[in-house]
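Engineer: Below: one structure in structure tokens.
Rule-based calculations on the coordinates, nothing more; no lab input. Please read all numbers here as calculations on a predicted model, not as lab measurements. Here the Cβ positions follow ideal geometry from the backbone for every residue, glycine too, while neighbour counts run over all protein chains shown.
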Amino acid sequence: MFSGRIVVLTTYCIGLIIISSYSASFLSYLMARVFKPPFKNFRELLNDGTYPLGVQANSAELDNFKNSPNKLMNEIYNKLIHPSINTLPQSSLEGLNRVCAWRKYSWMIAEINAFSYNKQLSCKLFPVSEAFIPGFASMAIKKNSPYKAIIKI
């Protein structure tokens, strides 16, 4: 009689574990969606054509697209930026708020700058890592500067 109770209790516990694990995996399948971005680079953004590209008004990014010798950048400017040239946001925060408020809107900003606004936004941002404009930095120092040893020039 005692061994029968052990068999029933063991069967019940195993059944409970199986149902719990199935329910948990089924719910995680339903709830955890893997987000696939609509584009990965500038070419795909242009080919999609449904996402206007926002840049800050009177900014270096706007100038990069407008005056670039790269045909792709010029096409992006003409098709995705220029149609809304008069309504470009005046600040990065304003542009990022548009990303959250509008269903389809993309915003050009350095990734490190974008994530500094995370707490002020009503949505989560994701970077499009292959869509970027390479940047360069330089620094001028005196010929016999003591800092040359630190910088290793």
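Engineer: Between Asn118 and Thr11, what's the calculated FRET efficiency when r is the beta-carbon distance and R0 is 30 Å? Round to 0.05.
Structural biologist: 0.05
Engineer: Given labels modelled 7 Å from the Cα in the Cβ direction, how far is it in nm from Leu27 to Thr87?
Structural biologist: 4.3 nm
Engineer: Continuing with this model, one more query. Over 19 Å between Cα atoms, which of Lys36/Lys119; Lys40/Lys104; Lys40/Lys124; Lys36/Lys124; Lys79/Lys104; Lys66/Lys104 qualify?
Structural biologist: Lys36/Lys119; Lys66/Lys104, as the Cα separations exceed 19 Å there.
Engineer: Give a residue-ordered list of calculated ³J(HN,Hα) values for segment 29-46 (Karplus: 6.51 cos²θ - 1.76 cosθ + 1.60, θ = phi - 60°; whole Hz; x for Gly, Pro).
Structural biologist: 5, 6, 8, 9, 8, 8, 7, 10, x, x, 8, 10, 8, 4, 4, 5, 4, 5
Engineer: Using +1 on the beta carbon of Lys and Arg, -1 on that of Asp and Glu, and nothing else charged, what's the dipole of the chain about the Cα centre, debye to 20?
Structural biologist: 360 debye
Engineer: For Ile17, Ile109, Ile133, what ranking results if the residue with the fewest other Cβ atoms within 10 Å of its Cβ goes first?
Structural biologist: Ranked by crowding around the Cβ, least crowded first: Ile17, Ile133, Ile109.
Engineer: Would you mind checking segment 83-105 for residues with the amide N under 16 Å from a putative spin-label position 7 Å along Cα→C-beta of Phe35?
Structural biologist: 96-105
Engineer: Return the FRET efficiency for the residue pair Lys66, Tyr147: r is the Cβ-Cβ distance, R0 is 41 Å, and the value is rounded to the nearest 0.05.
Structural biologist: Between Lys66 and Tyr147 the formula returns 0.65.
Engineer: Turning to a different aspect of this structure: With a cap of 11 neighbouring Cβ atoms within 10 Å, and only residues DSSP puts in a loop, list the chymotrypsin sites (Phe, Trp or Tyr not before Pro) found in segment 102-153.
Structural biologist: Phe136, Tyr147
Engineer: Excluding same-chain residues fewer than 8 positions from Lys142, which lysines have a Cα within less than 16 Å of its Cα?
Structural biologist: In chain and number order, the partners are Lys152.
Engineer: Just going by the charge dipole of segment 33-153, with Lys and Arg at +1 and Asp and Glu at -1 on Cβ, which of Tyr147, Thr87, Phe35 is farthest out on the positive end?
Structural biologist: Final value for the positive-end residue is Tyr147.
Engineer: Also, I was wondering about something else. Of all the stretches in the chain, which is the longest one without any exposed loop site, taking trypsin sites (Lys or Arg not before Pro) in a DSSP loop (any state but H, G, I, E, B) with at most 14 other Cβ atoms within 10 Å?
Structural biologist: After excluding every exposed loop site, the longest remaining stretch is 41-102.
Engineer: What does the helix-only formula give at 222 nm for the chain: each DSSP H stretch with n ≥ 4 adding -39500 (n - 2.57), the total divided by the residues, and the result rounded to the nearest 500 deg cm²/dmol?
Structural biologist: -13500 deg cm²/dmol
Engineer: What are the chymotrypsin sites (Phe, Trp or Tyr not before Pro) within segment 6-69 that DSSP puts in a loop, where the Cβ has at most 14 other Cβ atoms within 10 Å?
Structural biologist: Within segment 6-69, the qualifying chymotrypsin sites (Phe, Trp or Tyr not before Pro) (loop, at most 14 other Cβ atoms within 10 Å) are Phe35.
Engineer: Please express the Cα-Cα pair-distance distribution P(r) of the chain as a list of whole percents, one per 5 Å bin, running from 0 to the bin with the greatest distance.
Structural biologist: Pairs per bin, as whole percents: 1, 7, 12, 14, 12, 8, 6, 7, 7, 6, 4, 4, 3, 3, 2, 2, 1, 0, 0, 0.
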